[in-house]
Every structure is written in C-alpha cells, then in structure tokens.
Amino acid sequence: QVQLVESGGGLVQPGGSLRLSCAASGRFFSLVRMAWYRQAPGNQSELVASIANAGNTVYADSVKGRFAISSDFAKHTVTLQMNSLNSEDTAIYYCYFWGRLAWNSGHNAYWGQGTQVTVSS
C-alpha cells in the first residue's frame, strides 16, 4: 500500500510564506493528477490547487497569484508554495494523488494525513 507523507505546515504571520511538500512512500504504476485540498474549521473541504501529469494546473480563485503548485511525477512528489498568506488560509492541508498501483488495477484516490497551516500574528 502507498502512503502520502506531508511536511511543511506550521504557524506563520500574515503576509508570510510556507512551503508544503508531499511524497509517496511507495510506487505508483501511473499517476494522473496530484493536488492539495484544505479544510478550515466549520467549512467543507476545498480544492486549493491541482496539477495533471500533462502539466495542466488549476487553482482556487482565492489563491491565484499567491500559491504555486509544482510536481515531479516520476518521483511522486508535489509541493505547494504559499505566499502572502492571510488568516483565511488557516486550515488543514491535505495532499491528494490520483493514480493506480499496477497495470491491471483501477485508479484510486490517495490522501495524506494532513498538515496544519495557521496564519496568525
């Protein structure tokens, strides 16, 4: 089984930056998409940014121009550079992979354990 391990969360002041990283513990036969989601207290989970193996990226309107997603599909890693953070970015951030583990298996979603990002002075 593959696990996703996240790192890089923490406490940052408004206007500051953080970089989140996520790596898979095992091998995927193929990866189609990697993404970051977040969930703030009392809110539903929302897509922050995603990247496809073809390079296409999607960003939530609220983070456009401030966040940047990058990836290495061969190494099964994805990062999220977060700049100009504000209090509304406070949430638990989860990485997400969509892929399959073997040539004869179906595609499945895989989630990291979550990392807390808190923006506060």
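Values in this text are rule-based calculations from the coordinates and carry no lab data. Nothing here was measured: the structure is a model prediction, and the numbers come from that model. Virtual Cβ from ideal backbone geometry, glycine too; neighbours counted across all protein chains shown.
Checked against the criterion of being in contact with a Lys or Arg (Cβ under 7 Å, 6 or more places away or on another chain) and more than 18 Å from G15 (Cα to Cα), the candidates S50, S84 yield just one match: S50.
One residue alone among R66, R27 is basic (K, R), surrounded by 14 or more Cβ atoms within 10 Å (Cβ to Cβ) and more than 14 Å from the chain's Cα centre (by Cα), and that residue is R66. One residue stands out in the range 103-121 among those that are crowded, with 19+ Cβ neighbours inside 10 Å and under 16 Å from the mean Cα position of the chain (by Cα): the one that is farthest from T79 (Cα to Cα), namely Y110.
Tally time: how many residues in the range 30-52 are buried (at least 16 other Cβ atoms within 10 Å of the Cβ) and more than 15 Å from E88 (Cα to Cα)?
Narrowing the range 30-52 to residues buried (at least 16 other Cβ atoms within 10 Å of the Cβ): 31, 33-38, 48-52.
Subset that is more than 15 Å from E88 (Cα to Cα): 31, 33-36, 49-52.
The number of residues fulfilling the criteria is 9.
When the range 69-91 is limited to residues that are touching a residue at least 40 places away in the same chain (Cβ under 8 Å) and within 20 Å of S25 (Cβ to Cβ), the one that is surrounded by the fewest Cβ atoms within 10 Å (Cβ to Cβ) turns out to be K75.
Could you list, in sequence order, all residues of the range 64-81 that are closer than 18 Å to V5 by Cα and in a strand (DSSP E or B)? Before the answer, list the steps.
Narrowing the range 64-81 to residues closer than 18 Å to V5 by Cα: 69-81.
The answer is I69, S70, S71, D72, T77, V78, T79, L80, Q81.
Residue-wise test of (1) closer than 16 Å to L20 by Cα; (2) in a helix (DSSP H, G or I); (3) in contact with a Gly (Cβ under 6 Å, 6 or more places away or on another chain); (4) of a type in the set (V, I, T).
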{"site": "V48", "(1), (2), (3), (4)": "yes, no, no, yes"}
{"site": "A54", "(1), (2), (3), (4)": "no, no, no, no"}
{"site": "V58", "(1), (2), (3), (4)": "no, no, no, yes"}
{"site": "S62", "(1), (2), (3), (4)": "no, yes, no, no"}
{"site": "Y93", "(1), (2), (3), (4)": "yes, no, no, no"}
{"site": "Y96", "(1), (2), (3), (4)": "yes, no, no, no"}
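L85 meets all of the listed conditions (1) closer than 18 Å to A40 by Cα; (2) outside any loop (DSSP other than H, G, I, E, B); (3) more than 12 Å from the chain's Cα centre (by Cα) but one, namely (2).
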